[in-house]
């Protein structure tokens, strides 16, 4: 199952000629989940060839303009493109009110239903799940209530070893039991240990999207060991007091969180307009944590299964 | 005085990877006037290096989403950039309500004043003027009330011929009278005819912005002889019935308007998403009217003074 993250925008509040404000696509299997939806998101979705129809859910971190202003345009275009399937929006109440006031003012009557899910200011927990995946929201520390989102794959069943089914003439029922980790008694009464039949399930993959927050180590337990952590890094350390004032983080602070949480990889973004060259932020983060990458528009990071767990 | 038009967006409602929806900058002297403000306009303004501070007025043609959704982001960024000078917005009441509801929902308290000027549905006339320029709004024919905007330079005073001032030892008062077209009596009692002192004023330049309208020849008198006519050309002629249904124009209809109004040049835009190659629209228009140009992002057209009038 593909599990990937694509950056659509990585600027902080003021966009630059090369950087749109925040939006990302998490792709899991055939579905796209949109994380924040800044102005211009629909243009970036077209540029990077994402099907609007395959976006089933949108998650908005907080009600600052550079994180949700792309919604009215995206929702209108979805309607113009003939969407009929429902769209789920998880967002603070202010954002939901904004969409509704827009629809009312332009007399928009979309042909598809929007289902709103209000994220309460202090809510922490699962906001959506299916058999493979769950999305957990938890508060971070910003000037207004703001949530991070953790995409966590669920533990899958064990995987059959090559030829096990044919070697032992396993029935569908036996395959099901083997995948659950059971030993299997075959026709001649012999017990085949599960380790001869299956590999352990791959280690569940996870992605944490942490934007618009001051340094907030309280979150490290929640994101412990994730495969990829996106953490905002608006400033370099010499602007740390400015970061504190505006409830943003420095690159070093983002890397410190990555280090405390022992994540596998750090991705920084939400850069202040003052940085034309982003290497200063990358180098600062790398001096604290590796591997670190810069979020850049169009960059796609595929989360691979941990190869060590596949062959046990 | 520079008088130019720069295209920021030329797509119709659905943007493409290369085309943002409608926005243009009219530059006259040191000031920028924004015509429509679709989603992404602030990003395009940065890309084409326009100073946000020099935008004093914004004119919005109508309340369809692809013509005004860039306003909340642009207005927020102006505030973040420290704007203090007032901003004038000329727009239908729905657009003004949209901005106000946005400000209220995000608790925005901008440090600069916004002055709203409601354009009533059927209003026709001057909506703003100064000594050099006037802007006239007039209704076109669309699914909702929609206005075109005509930027008309005022007739300037006559221009002094080279050396006339020194040859005849003219006083400031005499120069003023000469510029008004008067003959001047000099010290020895001799009358110097005005034609020896001045050139006629350059022919006033004009630009008409006509978007989102069905074929509507009723406007031709209002835009008679303009230097440049921007006219929407959403479709080619084979989609004329679709154009009629949606109150848009074909390229041939745009050119027909240009021809009836005897404009100097036609600029077409507001292209349907179906056209990857725009030449089909250009060729169709050119078969009816010349010269025609395609609006393309970043294209700047400078309106020059008519050279014939400069030397009379």
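The numbers here are math on the coordinates, done by the rules we state, and not lab data. Only a predicted model underlies this, so the values are computations on that prediction, with no experimental measurement involved. Quick reminder, even Gly has a Cβ in these numbers, built from the backbone with ideal geometry, and neighbours come from all protein chains shown.
Antiparallel beta bridges, as assigned by DSSP with both residues in segment A:68-192, represent about 70 percent of the total such bridges.
Between helix A:93-105 and chain A, what is the angle of the helix's C-alpha long axis to the longest principal axis, kept within 0 to 90° and rounded to the nearest 10? The answer is roughly 70 degrees.
Using C-alpha pairs below 8 Å separated by at least 6 residues, the relative contact order for chain A is 16 percent.
With a 10 Å cut-off around each Cβ of A:18-25, the average count of Cβ atoms from other chains is 1. Counting from the shortest, the label point at residue B:167, 7 Å from Cα toward Cβ, is 10.9 nm from the same position in each remaining copy. Shielding of peptide A:170-179 by partners, expressed as the average count of other chain Cβ atoms within 10 Å per residue Cβ, is 0.
What FRET efficiency comes out for residue A:283 versus residue B:85 if R0 is 41 angstrom and r is the Cβ-Cβ distance? Round to the nearest 0.05. Efficiency at R0 = 41 Å is approximately 0.55. Length available on full extension from residue B:262 to residue B:156: 0.36 nm per residue minus the Cα-Cα distance, which gives 35.9 nm.
Each residue in B:234, A:213 was given a count of other beta-carbon atoms within 10 angstrom of its own, and listing them fewest first yields A:213, B:234. Helix content alone sets the calculated 222 nm mean residue ellipticity of chain B: runs of n ≥ 4 DSSP H residues at -39500 (n - 2.57) each, divided across all residues, give -6000 deg cm²/dmol. To check you understand DSSP bridge types, tell me what percent of the beta bridges within the protein assembly as shown (both residues inside) are antiparallel, rounded to 5. Bridges in the protein assembly as shown are about 55 percent antiparallel. Rounded to the nearest 10 degrees, what's the angle between the helix A:251-260 long axis and the longest principal axis of chain A, both from Cα atoms, 0 to 90? Helix A:251-260 sits roughly 30 degrees off the main axis of chain A.
Please give the helix A:71-80 orientation as an angle from the longest Cα principal axis of chain A, in degrees from 0 to 90, rounded to the nearest 10. Helix A:71-80 and the main axis of chain A meet at about 60 degrees.
Label-point distances for residue B:143 to the equivalent site in the other copies, using a point 7 angstrom along Cα→C-beta, read 3.8 nm when ranked shortest first.
Across segment B:159-199, C-alpha contacts under 8 Å between residues 6 or more apart give a mean separation that, scaled by the residue count, equals a relative contact order of 47 percent. In terms of other Cβ atoms within 10 Å, A:10, B:37 run from fewest to most in the order A:10, B:37. Ordered by the count of other Cβ atoms within 10 Å of each Cβ, fewest first, A:110, A:149, B:215 give A:110, B:215, A:149.
Across peptide A:29-42, the average count of Cβ atoms from other chains found within 10 Å of a residue's Cβ is 2.
Comment: the Cα-to-Cβ extended label point of residue B:126, at 7 Å, lies 6.8 nm from its counterparts in the other copies, nearest first. Antiparallel beta bridges, as assigned by DSSP with both residues in chain B, represent about 55 percent of the total such bridges. Taking the alpha-carbon centroid of each part, what is the distance from segment A:245-312 to segment A:133-171 in angstrom? Using only Cα atoms to place each centre, the spacing works out to 22 Å.
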